[in-house]
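The structure under discussion appears below in the form of structure tokens.
The values are calculated or read from the model by the stated rules, or taken from the named source; none is laboratory data. No experiment lies behind these values; they were computed from the predicted model shown. Every residue, glycine among them, receives a Cβ derived from its backbone with ideal geometry; neighbour counts consider all protein chains shown. Accessible surface is based on the protein model in full, side chains and every heavy atom, while ligands, DNA and RNA are left aside. Shrake-Rupley method; radii C 1.70, N 1.55, O 1.52, S 1.80 Å.
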Amino acid sequence: MRKITMLNRISIDGYFASLNDAAFGMDWFMPDPEVDIAVRSGDGQMDTLILGGITYRGFESHWAPMIKDPHAPKELKAIAEELTNMTKIVFSKKMKQSAWANTLLFDGNPGEVVRKIKKEEGSGILIMGSGTIVQQLANEGLIDEYVFIVTPVVAGKGKPLFKEVKQFGLTMKESLAFKSGHLVLRYESKIV
């Protein structure tokens, strides 16, 4: 069975995105290359990315053009290529088509689709952003690992990651602290 890992940056007060849709909810994020390296080294091989429609549109508008941008830093270009090559499973009732390579659109129940995908051959599956999808899959016990990049900021308001999610337990696998004030917390779900 394929493993699903949720990866999200969160503020100290538990928000995964701001309310600023123009900035794709990322206006309080603080980049730290050391954090990015640590997170990428612990994820293992992943070939599928699950996204909600809003997160997908933000990713597509940011990452897809970077592949052809001659001025893009090579590190970011490599991430853009990796994301482009991944199979992107997108849940959206509004989207009917996508120009970004390897994108599959679904407008049905995420739990049903994800159960099938977990049983297919392949590497790990990653969920980034996509709060509504995270909430639905968490409620159904379909996420195996939760990775939080805790950003040293109190956002004050924003989009809570676990809005309307029933209680469940987690087991700590790893915690890392960085000079920038970030924490990376990696948990395994207790739900089987």
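Probe radius 1.4 Å, ligands and nucleic acids ignored: give me the carbon and sulfur share of the accessible area of the chain as a rounded percent. Answer for the chain is 55 percent, counting heavy atoms of protein chains only. So for the pair GLU120, GLU82, with labels modelled 7 Å out along Cα→Cβ, what separation do we get in nm? Using points 7 Å along Cα→Cβ, the separation is 2.1 nm.
Remark: the chain carries a charge dipole of roughly 420 debye about the Cα centre, counting +1 on each Lys and Arg Cβ and -1 on each Asp and Glu Cβ. Positive-end ranking of THR48, ALA155, VAL134 along the dipole of the chain, with charges on Cβ about the Cα centre, is headed by VAL134. With contributions of -39500 (n - 2.57) from each DSSP H run of at least four residues, the per-residue ellipticity at 222 nm computed over the chain stands at -8000 deg cm²/dmol.
Oblate is the label for region 130-192, because a/c, from the alpha-carbon gyration tensor with a ≥ b ≥ c as root eigenvalues, is 1.5 or above and a/b does not exceed b/c. Residues in the chain average 55 Å² of solvent-accessible surface per residue, probe 1.4 Å, ligands and nucleic acids excluded. Computed over the alpha-carbon atoms, region 73-153 gives an Rg to Rh ratio of 0.98, Rh here being the Kirkwood radius from the mean inverse distance. Per the Debye calculation on the chain with a single equal scatterer at every Cα and no solvent contribution, log₁₀ I(q)/I(0) for q = 0.13, 0.14, 0.18 Å⁻¹ amounts to -0.69, -0.82, -1.46. For region 1-100, the equivalent ellipsoid derived from the Cα gyration tensor has semi-axes of 19, 19, 17 Å, listed largest first. When peptides 166-174, 81-89 are sorted by average Cβ neighbour count within 10 Å, with the highest value leading, the order is 81-89, 166-174.
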